[in-house]
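Following: one structure in structure tokens, then a few remarks.
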Amino acid sequence: MGMVAPTEYKLRVLLADGDMGFDEKLITELKNLFRIDHVKSEAETLRMLYREMYDILLVDLNNSKSYLSSFQLVVYLKRLERFKNLVIIGLSSLKQEALQEHPAMKLLDEFLPKPVVKSSLVTAISRQKHYIYEPENCFT
């Protein structure tokens, strides 16, 4: 009988992107690196976070189509012990300076402008989770 190699742990990422600012090609590429679930609202985000354990939350700060804004979601999550290890990366098509006045911005672990570039996202995740990814052509 041969030995079975242990499976490599992939970081669990929840992408809460209401306006679909991620293109499908990027999502496909990221699925090769991480275990990704994709939701479209803050309510769906909360349901998934309570159902599954995630390492990273990518949250669209422009998404305010529901009763719970993305900023309220960030504040709520950061108050709870259950989510103390959840890294929250805010995404927005607005400049970071334009959003700085909101108190929730200080609670984010990272901020990335949209459209999101794969290399910037992988770098941000690496800083937060000490994730190392070095195959050829990683930063295309």
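None of the figures in this text is laboratory data; all of them are computed from the coordinates on show. Values in this document were obtained by computation on a predicted structure and should not be read as measured data.
A few comments on the model shown:
- Beyond 20 Å in Cα-Cα separation lie the following of the pairs LYS10/LYS118; LYS40/LYS95; LYS95/LYS118: LYS40/LYS95.
- Take every DSSP beta bridge whose two residues both sit in segment 12-124; close to 0 percent of them are antiparallel.
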